[in-house]
1. Given LEU101, LEU105, LEU71, which one is at pLDDT below 90, open to solvent by 10 Å² or more (accessible area, probe 1.4 Å) and in a helix (DSSP H, G or I)?
2. What number goes with the only condition from (1) at pLDDT 85 or above; (2) in contact with a helix residue (DSSP H, G or I) (Cβ under 9 Å, 6 or more places away or on another chain); (3) of a type outside the set (A, V, I, L, M) that PHE195 does not pass?
3. Which one of THR94, THR45 is at pLDDT below 90, out of contact with any Pro (no Cβ under 9 Å at 6 or more places or on another chain) and under 22 Å from LEU248 (Cα atoms)?
4. Report the residue count in segment 185-238 for those that are part of a loop (DSSP other than H, G, I, E, B) and open to solvent by 10 Å² or more (accessible area, probe 1.4 Å).
5. I'd like to know if segment 502-511 contains one or more residues that are within 30 Å of GLU361 (Cα to Cα), open to solvent by 70 Å² or more (accessible area, probe 1.4 Å) and modelled with pLDDT of 75 or more.
6. Can you tell me which of LYS578, LYS590, LYS582 is open to solvent by 40 Å² or more (accessible area, probe 1.4 Å) and either at pLDDT 85 or above or closer than 30 Å to GLN453 by Cβ (or both)?
7. Tally up the residues in segment 324-342 that are of a type outside the set (Val, Ile, Thr) and closer than 18 Å to LYS189 by Cβ, please.
8. All but one of (1) at pLDDT 50 or above; (2) among the acidic types (Asp, Glu); (3) open to solvent by less than 80 Å² (accessible area, probe 1.4 Å) hold for GLU123; state the number of the condition that does not hold.
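The values are calculated or read from the model by the stated rules, or taken from the named source; none is laboratory data. Model, not experiment: these values are computed from the prediction. Cβ: placed from backbone, ideal geometry, glycine included. Neighbour counts: every protein chain shown. These area figures cover heavy atoms from the full protein model, side chains too; ligands, DNA and RNA do not enter into them. Shrake-Rupley method; radii C 1.70, N 1.55, O 1.52, S 1.80 Å.
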Amino acid sequence: MKETKKPAATEKFCCISKFKVFLLASSFAYIAKTMSGAYMNSMLTQIERRFNIPASLVGIINGSFEIGNLLVIAFVSYFGAKLHRPRIIALGCTVMSFGCLLISLPHFLMERYQYETALSPLENSSSSMSMCLINQSQSFTHMEKQSAECEQTSGSLMWVFVLVGNIIRGIGETPIMPLVISYVEDFSKAENSPFYIGCLQIATVIGPFLGFMLGSYCAQLYVDLGFTDIEEVTITLTDARWVGAWWLGILICASVNLLAGIPFCFLPKSLPKEGQASETELLSMRNASLLQERSETQAKRKMREITKAVYNLPVICIGYFLGGFLMKKFKISTIQAANIAFWISLIEYLIYFAAYFTVCENSPVAGLTVSYEGVEQVSYMETTLLADCNSDCDCSVKVWDPVCGANGITYVSPCLAGCTASDGTRKYTVFENCTCVAASGFSSGNVSAVLGQCDKEANCDMMLHYFLILCIVCSLIYSLGAMPGYMVLIRSLKPEEKSFGMGIHTLASRVFAGIPSPIYFGALIDSTCLKWGTLSCGGEGACRMYDIVTYRWFYLGLPAILRGVSYIPCVLILLILKKQLKSSDGKTLKRSPMAMQAIEEQND
């Protein structure tokens, strides 16, 4: 008898191990896909500057990921559950890796990055010289040189590689979420699946955390890392012309996605239901008791380990974890989960409006946000960049090479600041005898300017801290209701329709939110631009400075309106669920008179 039990026990042990391997592999796949997504989002500004394109076009590039999802989501969701799900997930991870490689390709095909600057004639000189005379003598030869190079440049359409690569990345990401969720739902206990899915949702927070950290690091590295001497670069990290090594992190993401797909190649198409015991094992109560005791011990140990590991993650991880754990602990029903998700979301939505009080004013830039006398400016036109103090310099209003005057006002270029002399080289250049600095009424005799924009007011840094704290609070509250809301969707579907239903839900999200939102947000952001960059051929490039007051109203206002409208169908869903609950309770009571008697006795 012992020899007959051993294979069954071994088989069950292997099945449990494979399910755990699937959960771990799925967590890594979630981290990989969200890491690359977060990294791409953090690099959108760098891509905008590198390819010198407007925010609306960047929005199309960002939305192209959703287009890739849209192309295959219905097919994958319907047929994916009928095929070998782990291998399809592995294929998706591999396709995502290829998409990331394609995104990084333009860096190796384009010429070295060249930014707008008025310092090219001054780079190798440390003696004083007249800025105005240089501007006049060099302007025509510089324009002729640019026109000659215009036809030779090959980097103008390289952003298409990023667009296509992002579409392919979206195609690869499509099967991961719906097939993982359906696999977990099919082979786990009903009371355990919210906890498992909650743990997977934690991975979707770890991924963005790693992605943004990687993006922060790569943004501090110059784009032509290893090919350009950083000492020759006259711009700094805070300059609107700075471009970080956006391509480096995407190569790392490609490697991570490729590794994430490997474990799925060795997992089976199906597994026994979690906790399902063989007939041989059911005959032995002693073995069953020992197995249960061992399982409870492992669950307690796992809980202790998870509690220690959540500790240092962002608060949103805690929210996802608690949401899934509380649903498992209290066996929350579908209608209860719907109510919890609705009211928690509504509370967070109301707290969100406190962000409107985190106000930061525009930086003082002569001719853009303030006049050359330092008075607040009502409107901006290119002619407002010219004033009496720089009228003799014949300055170009297209060039963006900002300098900070000793009066605390930023000027679009040294020439527009009226500077007639300079001293130093490259990033250490100091511009002197700046007539516009003197004309602003600055009392001391220092009328010089240095490269770069002036620092913002200390109030802006304080408001940023308040805004980040508010975001943390809102994220924690919202994440507490995320898992209950997610389980309402899953539990409303039949077992054989879960994968397809999840796919349709994702499809609707892509069509009505994922694809259009980056485009119209990008268009709104473009409408707040105060100063556009200039392409080498004279066309309009990336925005160099935004009206942050108007930007703030768009950034906070549009999501508030869209979220407010979204509560209308939420209320309808609650009413439908309550009606279904009453209907099912009524049928149960009619079929079982003993249930009615038990309820009456309980009320007594």
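1. Values: LEU101 fails: at pLDDT below 90; LEU105 fails: at pLDDT below 90.
Criteria check complete, one pass: LEU71.
2. Here PHE195 clears every test but (1).
3. Testing whether each residue is at pLDDT below 90, out of contact with any Pro (no Cβ under 9 Å at 6 or more places or on another chain) and under 22 Å from LEU248 (Cα atoms) leaves just THR45.
4. Here the count works out to 15.
5. no
6. Matching residue, one of LYS578, LYS590, LYS582: LYS578.
7. The total comes to 10.
8. Status for GLU123: all satisfied but (1).
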